[in-house]
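Heads up, the thing below is written out as structure tokens.
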Amino acid sequence: MELNDPRQSNKYDKIFKENMDANLEGIVAQVLSMKITRSEEIADDLQQTKERKPDLLKKVQDENGQVFILHIEYQRQNDQNMAYRMADYCIMLHKKYKLPVSQHMIYLGKEKLNMPTHIDTANLKFSYDAKAISTIDYKLFLYDEGIEMKLLTILADLSAVEPKVVLTELVMEIKRIAVEELAYGKYINQLKVFAQLRDLEQTLKEVMDEVENFYVKEKDPFFMGGKRENNLENARKMKELGISIHLIIQTTGLTKKEIQRLK
């Protein structure tokens, strides 16, 4: 199925809309480098000869007490008209709420971000902030406490690492947190959709097979506990899979020194 297929686009949109509220704090802090102390829901249907529905819209207050409208758009493909779209939103939001508007576009695509972020004419000067998630250190997502934020690991900067190693740790983190089968299946299905944005479907399939085989052989000792010998053996196998010491400690309860001594 092609990336621009409407059915496939709906899958991405559905996942991001489902996870937006859960991701808001992490996105604001890790991607936008903003410190928000309070947020509240506001109407996100903007009617002005045509209806617009922003991806994320909140009335927020920052650490300095400034109150403003936070508007975030997620974009999977480059759009040379993006500046005009954002300007359109900006004017409607100013008109409706009479508050400053902070606008951000988070680019999810694999290709280089090349959308115009400014309009500079004699009668109109406008700009918005744009960031490509592929330029952000994957660790900021992988080690976030929120599972929805962890899912964004696969879209972050993996250029300096082996993607399979990172995906192995990501899948095991999801399994560690989403212990109920339905929840685990939901997040893995979302991860499979995201993998298509980075052409990592086959790598993810290989990781899933390895992780599932590992759990079958060990009869899920990670969540059932076990003797010290089991924990040491589990830690040794996790090291062989390239799992970080951070996750091995959380999973087995061993100390960093104990793990480092394992051969």
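Overview of results
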quantity: Cross-link pairs K11/K58; K14/K112; K237/K257; K175/K237 - those with Cα-Cα distance over 21 Å; calculated: K11/K58; K14/K112
quantity: Charge tally in the Cβ shell below 12 Å around A83, where Lys, Arg are +1 and Asp, Glu are -1, A83 excluded; calculated: -3
quantity: Reachable aspartates and glutamates from K186, criterion Cα separation under 15 angstrom, eight or more residues apart if same chain; calculated: E18, E148, E173
quantity: Longest to shortest principal axis, alpha-carbon extents of the stretch 99-149, angstrom; calculated: 46, 32, 13
quantity: Order of I249, I133 - criterion: other Cβ atoms within 10 Å of each residue's Cβ, fewest first; calculated: I249, I133
quantity: R0 of 35 Å, Cβ-Cβ distance D13-E258: FRET efficiency to nearest 0.05; calculated: 0.15
quantity: Among V171, Y184, L247 the positive-end extreme of the charge dipole of the stretch 160-261 (Cβ point charges); calculated: L247
quantity: Paired Rg and Dmax values of the stretch 160-261, which use every Cα atom, in angstrom; calculated: 13.8, 41
quantity: Relative contact order of the stretch 32-135, defined on C-alpha pairs under 8 angstrom at six or more residues apart (%); calculated: 23
quantity: Three semi-axes of the equivalent ellipsoid, the stretch 32-135, Cα gyration tensor, whole Å, largest first; calculated: 22, 18, 14
quantity: Computed over the chain: relative contact order in percent, which uses C-alpha pairs under 8 Å that are six or more apart; calculated: 12
quantity: Spatially proximal aspartates and glutamates relative to K110 (Cα-Cα < 19 Å; intrachain offsets below 8 disregarded); calculated: E2, D5, D13, E73, D79, D129, D137, D157, E162, D199, E201
quantity: Percentage, to the nearest whole number, of Cα pairs in the chain over 22 Å apart; calculated: 61
quantity: In the stretch 45-141, the trypsin sites (Lys or Arg not before Pro) that fall in loop regions by DSSP, at most 16 other Cβ within 10 Å; calculated: K50, K98, K110, K112
quantity: The stretch 160-261: relative contact order in percent, alpha carbon pairs under 8 Å with at least 6 residues between; calculated: 32
quantity: Label point distance in nm, N64-Y97, each placed 7 Å from Cα along Cα→Cβ; calculated: 1.8
quantity: Percent of beta bridges antiparallel (DSSP, the chain, rounded to nearest 5); calculated: 55
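Throughout, read-outs are computed from the coordinates displayed, never taken from laboratory work. These numbers were taken from a predicted model, which means no experiment stands behind them. Methodologically, a virtual Cβ is constructed for each residue, glycine included, from the backbone with ideal geometry; neighbour enumeration extends over all protein chains shown.
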